[in-house]
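Novice: What follows is a single structure, and I will ask about it in a moment.
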Amino acid sequence: MAKSRIYNPEMECMHPEQRKALQGERLRQTVNRVYDNVPLYRERMDEKGVSPEDIKSVEDLKLLPFTEKTDLRDTFPFGLLAVPKEKIVRIQGSSGTTGKPIVSGYTEHDVAVWTEMVSRALGAVGADEQDIVQVCYGYGLFTGGLGAHQGATNVGAMVIPMSSGNTQRQIMMMQELGSTILCCTPSYAAYLGEAIHDAGLIPGKDIKLRAGLFGAEPWTEGMRKRIEELLGIQAHDIYGLTEIAGPGVAFECEEKNGSHINEDHVIAEIIDPATGEQLPYGTAGELVFTTITKEGMPMLRYRTHDICTLYNDVCKCGRTTVRMGRITGRTDDMIIVRGVNVFPSQIETVLVKTPGVAPHYQLIVDRVNNADTLEVKVEMTGELFEQNDSLGEMQKLQKQIRDQIKSVVGILTKVTITAPKTLPRSEGKAKRVIDNRKL
Ligand code: DLL
């Protein structure tokens with residue numbers, strides 16, 4: 001099996017103090033550039049009484065204004081460009097939004113930086129010219145497909161640009177061409193794993209996959225275990241967002257102890273979502289990014305609304321970059337049920353630990369007689385379905401899951417166990433929550 005390697009040791013293993021100086025220098029350049037070229041940033045900085053000369057080092061980051069998704073919508077499509085439109089070679093957009101999409105413009109240099117970031121993530125799973133990378137992230141405005149594709153090409157791998165969907169064809173190609181690395185959402189990886197199993201194919205024998213880069217949606221450690229078992233692979237997390245660079249902003253190394261942030265290109269902060277105050281390493285809060293090499297559409301303190309924790313302790317892999325823990329939720333996908341904050345990831349943690357159920361679930365929130373209700377729908381596995389006493393087992397399972405969720409989240413839920421393959425599958429980002437209260 002190919003060894004994990006560090007794609008760019010100079011940048012990934014730089015002494016933290018040296019990196020801080022580099023970040024400071026790049027931040028100063030970015031701030032000057034956006035102040036001169038982006039009216040919104042100039043106005044925001046003027047309003048705060050901050051001038052580009054005030055930004056001397058990374059410590060001064062907190063003086064800068066935040067950027068929100070609504071700023072991108074309000075200035076759609078080109079209002080935040082810091083370069084003439086002719087310099088933009090690519091538009092990418094974010095998935096799953098209603099109304100006007102969020103788009104970001106990338107220069108040739110920005111695409112190259114993004115490609116480098118994905119190459120580092122692929123380096124961490126040892127990808128090289130021996131590898132065959134099957135990309136089942138969607139190609140198009142969504143950054144997953146093209147992002148993974150560019151990185152895989154750059155490390156010399158053979159790329160199969162499958163895009164999302166058509167599971168039988170995905171499996172046929174995987175088998176016939178001998179794909180070794182899989183890139184898709186974790187929910188789709190679990191689905192593919194089951195479909196491979198159902199087709200009677202044996203990972204390691206019929207299927208040659210050895211690693212996967214999974215991201216674009218939150219997933220848990222339990223889900224990682226399931227995917228690794230189902231596909232017989234090493235499953236690595238990869239994080240990113242269109243506004244910053246697509247996949248590769250951060251990625252896991254072989255230690256799988258958080259995702260290394262590509263800090264020579266972005267500066268990450270954690271803030272208290274309510275007050276906007278910076279929080280120290282080791283404290284959970286909202287993740288905020290400032291781009292420091294992006295030309296097309298640089299972002300100052302972009303609020304991701306993703307909740308996680310940053311870690312700056314030494315990683316055994318040799319990289320010296322700060323790591324982000326898993327995204328445990330988004331400030332805007334948290335559901336409040338009878339006054340209690342519930343994140344889908346908390347429920348997923350319970351479900352994937354429970355033998356007898358498959359990692360496919362949906363949370364249905366409703367309001368009955370003025371009281372909120374939460375129903376957790378989860379599929380049973382084929383093995384349980386085939387058991388003689390599956391009904392009795394199912395009732396036991398329902399109770400067990402309900403009790404577990406009560407102890408983790410603190411609220412009583414209705415648990416419904418459905419027959420195998422009855423819940424909708426997603427080929428891209430899974431839709432976990434259906435909130436009927438808004439209808
Ligand atoms: O999802 C970029 C991407 C593609 C990342 C493929 C990884 C793999 P957007 O469509 O702009 O970009 O969505 C960004 O997706 O703010 C998070 O809420 C979520 N997200 C992305 N990666 C992860 C991850 C792509 N590894 C939004 N874990 C982000 C949890 C993730 N959430």
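The values are calculated or read from the model by the stated rules, or taken from the named source; none is laboratory data. Note that the structure is a prediction, hence the values are computed from the model and not measured. Neighbour counts are summed over all protein chains in view; Cβ atoms, including those assigned to glycine, are modelled from backbone coordinates with ideal geometry. In case anyone asks, the SASA skips ligands and DNA or RNA and just uses the protein heavy atoms, side chains included. Shrake-Rupley method; radii C 1.70, N 1.55, O 1.52, S 1.80 Å.
Novice: Looking only at the range 263-278, decide whether some residue is touching an Asp or Glu at 6+ places or on another chain (Cβ under 8 Å), surrounded by fewer than 23 Cβ atoms within 10 Å (Cβ to Cβ) and part of a loop (DSSP other than H, G, I, E, B).
Specialist: Yes, there is a match, as at least one residue in the range 263-278 is touching an Asp or Glu at 6+ places or on another chain (Cβ under 8 Å), surrounded by fewer than 23 Cβ atoms within 10 Å (Cβ to Cβ) and part of a loop (DSSP other than H, G, I, E, B).
Novice: Does Thr115 satisfy the condition of being open to solvent by 50 Å² or more (accessible area, probe 1.4 Å), out of contact with any Pro (no Cβ under 9 Å at 6 or more places or on another chain), of a type in the set (Ser, Thr, Tyr) and in the same structural domain as Tyr239 (by TED's automatic domain parsing)?
Specialist: So Thr115 does not fit the description; no.
Novice: Identify all residues within the range 241-293 that are of a type in the set (Phe, Trp, Tyr) and under 28 Å from Gly126 (Cβ atoms); write none if there are none.
Specialist: Phe251, Phe289
Novice: From the list Leu412, Leu384, Leu423, Leu391, which one is assigned to a loop (DSSP other than H, G, I, E, B), without any contact (Cβ under 8 Å) to a residue 40 or more places away in the chain and outside the structural domain of Gly145 (by TED's automatic domain parsing)?
Specialist: That would be Leu412, the only listed residue that is assigned to a loop (DSSP other than H, G, I, E, B), without any contact (Cβ under 8 Å) to a residue 40 or more places away in the chain and outside the structural domain of Gly145 (by TED's automatic domain parsing).
Novice: Now, a different point. With respect to Asp332, determine if the residue is within 16 Å of the ligand (Cβ to nearest atom), open to solvent by 50 Å² or more (accessible area, probe 1.4 Å) and over 17 Å from Glu221 (Cα atoms).
Specialist: In short, yes.
Novice: Can you name every residue in the range 60-100 that is of a type in the set (Val, Ile, Thr), open to solvent by 50 Å² or more (accessible area, probe 1.4 Å) and at pLDDT 95 or above?
Specialist: Those that are of a type in the set (Val, Ile, Thr), open to solvent by 50 Å² or more (accessible area, probe 1.4 Å) and at pLDDT 95 or above: Val89, Ile91.
Novice: So Gly339 fits all but one of (1) in contact with a strand residue (DSSP E or B) (Cβ under 8 Å, 6 or more places away or on another chain); (2) without any contact (Cβ under 8 Å) to a residue 40 or more places away in the chain; what number is the exception?
Specialist: Status for Gly339: all satisfied but (1).
Novice: Pick out the one residue from Arg319, Arg303 that is basic (Lys, Arg) and open to solvent by less than 10 Å² (accessible area, probe 1.4 Å).
Specialist: Every option except Arg319 fails the conditions.
Novice: Related question: Anything in the range 154-180 that is within 21 Å of the chain's Cα centre (by Cα) and either assigned by TED's automatic domain parsing to the domain that holds Pro424 or surrounded by 16 or more Cβ atoms within 10 Å (Cβ to Cβ) (or both)? List them, or say none.
Specialist: Scanning the range 154-180 gives Pro161, Met162, Ser163, Ser164.
Novice: Which one of Val38, Val31 is crowded, with 16+ Cβ neighbours inside 10 Å and touching a helix residue (DSSP H, G or I) at 6+ places or on another chain (Cβ under 8 Å)?
Specialist: Being crowded, with 16+ Cβ neighbours inside 10 Å and touching a helix residue (DSSP H, G or I) at 6+ places or on another chain (Cβ under 8 Å) holds for just one of Val38, Val31, which is Val31.
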